[in-house]
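Notes follow the structure.
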Amino acid sequence: MEYDTFGADVAEALGVLLRREMRVQVYGELTRDVAEGVDEVSYPVISGLARRGRCTAAELAGDVGLDRSVVSRRATALQNAGLLTRAPDPRDSRGTLLMLTPKGQEAVRTMRDRLAQLIGEHLSEWPPEEVAVFVKIFRHFVECGLFTQRDNS
């Protein structure tokens, strides 16, 4: 089998999904009318914080691929909207931890529900047996391969 060809096909498809324009389009759809302060620009911060949990802006920046100063500015806008709060970092007296408020957690739940609905609507056009195979293979691809987090210590 030509696994290099398959790899190239998957890489091309991932390239389309991960393009900035595509992400902004999807983020815009997910954040529309969710809560004041949530938009396609703040989406990576609030979503990343929900995934990671309490952390510093620098830690979150590494997770979401943004500069720490960008994360801090977006976190301030989310804080002003009541979606996240800051607390002293017990590990470093100079630092602060970011954490979602209940209002922020609800906004994330709404966006995750929207994403599941959008994906479900798209998949509803496929035969159910193909959807089942796709989900199984895609989950395996994500959990057992290149995208698994490795401990580099």
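The values are calculated or read from the model by the stated rules, or taken from the named source; none is laboratory data. Note that the structure is predicted; figures quoted are calculated from it, not measured. Quick reminder, even Gly has a Cβ in these numbers, built from the backbone with ideal geometry, and neighbours come from all protein chains shown. Note: accessible area is taken over every heavy atom of the protein model, side chains too, but ligands, DNA and RNA are not part of it. Shrake-Rupley method; radii C 1.70, N 1.55, O 1.52, S 1.80 Å.
Within the stretch 113-149, being aromatic (Phe, Trp, Tyr) and either over 15 Å from the mean Cα position of the chain (by Cα) or at pLDDT 95 or above (or both) holds for TRP126, PHE134, PHE138, PHE141.
For the stretch 2-21, the condition of being surrounded by 16 or more Cβ atoms within 10 Å (Cβ to Cβ), under 20 Å from ARG114 (Cβ atoms) and aliphatic (A, V, I, L, M) holds for none of the residues. In the stretch 88-112, the qualifying residues are those that are out of contact with any Asp or Glu (no Cβ under 9 Å at 6 or more places or on another chain) and at pLDDT below 95, and the one that is most open to solvent (accessible area, probe 1.4 Å) is ARG94.
Remark: pairs (first residue in the stretch 130-145, surrounded by 10 or more Cβ atoms within 10 Å (Cβ to Cβ); second residue in a helix (DSSP H, G or I) and at pLDDT 90 or above; Cβ separation under 7 Å; 6+ apart in sequence or on different chains) = VAL131/LEU123. Go through the stretch 53-73 residue by residue and tally those that are open to solvent by 60 Å² or more (accessible area, probe 1.4 Å) and under 12 Å from LEU84 (Cβ atoms). Count: 1. What residue, of VAL24, VAL45, is open to solvent by 30 Å² or more (accessible area, probe 1.4 Å), under 20 Å from ARG112 (Cα atoms), among the hydrophobic types (A, V, I, L, M, F, W, C) and without any contact (Cβ under 8 Å) to a residue 60 or more places away in the chain? After ruling out the rest, the residue left standing is VAL24.
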